[in-house]
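The values are calculated or read from the model by the stated rules, or taken from the named source; none is laboratory data. Quick caveat, the model's predicted, so the values are computed rather than measured. Cβ coordinates were reconstructed from backbone atoms using ideal geometry, including for glycine residues, and neighbour counts include every protein chain displayed. Remember, those area values only see protein heavy atoms, side chains included, never the ligands or the DNA or RNA. Shrake-Rupley method; radii C 1.70, N 1.55, O 1.52, S 1.80 Å.
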Amino acid sequence: MTLSHAARPAPPARPALRALVRPIVLLAAFVGLAVVLGRLPGVRAMLTAGPAMHAGGEGVAIFVLAASAFCASGLPRQAVCFAAGAAYGIGGGCVLATLATVTGCLFGYGWGRWAGRPRMPARFAATMARLDGFVRQEPFVSVLTLRLMPVGSALVLNLASGMLGVRVVPFVLATMLGSLPQTVVFVLVGSGIRLEGPWRIGVAVMLFALSALLGLWLMHRMRARRPDTAWVSR
């Protein structure tokens, strides 16, 4: 006798834990980089002596444009957050990294909106089909949930949101809120190159652990509601 859907056992936690390996390795790599750079007197002096070298309007604009293009290409935005924290500190780094993240995501969203499903690559067809119902019914919650997860492809989510007709305001708000935890974490790590760095790196590691636990809970909750959304895990 086969088990009913309600009686089926929950999927094992090992795949979800394995999905966290990449984010943990990425965090460890940036922590190590911050520690190494923080021990180089020239680097620390350059960063702490004066944001005047990079805080002007032109320097900020160049940073945001370059960082937005970096995020739009689907490259790890954690590198942008790290660089923003190193160059502009916690407050300015969080603002500029968030601006670059949202702008970069809007590029992908706009491309998906313009291209539409008829022009999408064949390899995205199955992904669109799995996401269609969930994203259309709860666009803000679905984008927010997938942004909060420490795994998955931001570029695919950007394209999918545009192709599935998610409105721009919920997309921007969900992207801004959902990306904020990891932004704070990696900006803190980057700012740890400056003076008083060790405590910032320690706080960043603790915040990452909390966000990872939240991501696991969200992943389990989403898979319970929509088993066909397992694509978000790499």
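Quick notes on this structure:
- Sole residue being open to solvent by less than 10 Å² (accessible area, probe 1.4 Å) and at pLDDT below 90, chosen from GLY165, GLY192: GLY192
- Filtered residue count, the range 195-226, keeping only those that are modelled with pLDDT under 75, surrounded by fewer than 24 Cβ atoms within 10 Å (Cβ to Cβ) and not small (Gly, Ala, Ser): 14
- Flag for THR229 being at pLDDT 85 or above, in a helix (DSSP H, G or I) and open to solvent by less than 10 Å² (accessible area, probe 1.4 Å): no
- Hits in the range 111-148 - residues which are surrounded by fewer than 15 Cβ atoms within 10 Å (Cβ to Cβ), under 13 Å from LEU164 (Cα atoms) and at pLDDT 80 or above: TRP114
- Residues in the range 56-79 that are in contact with a Gly (Cβ under 8 Å, 6 or more places away or on another chain), of a type in the set (A, V, I, L, M, F, W, C) and surrounded by 17 or more Cβ atoms within 10 Å (Cβ to Cβ): ALA67, PHE70, CYS71, ALA72.
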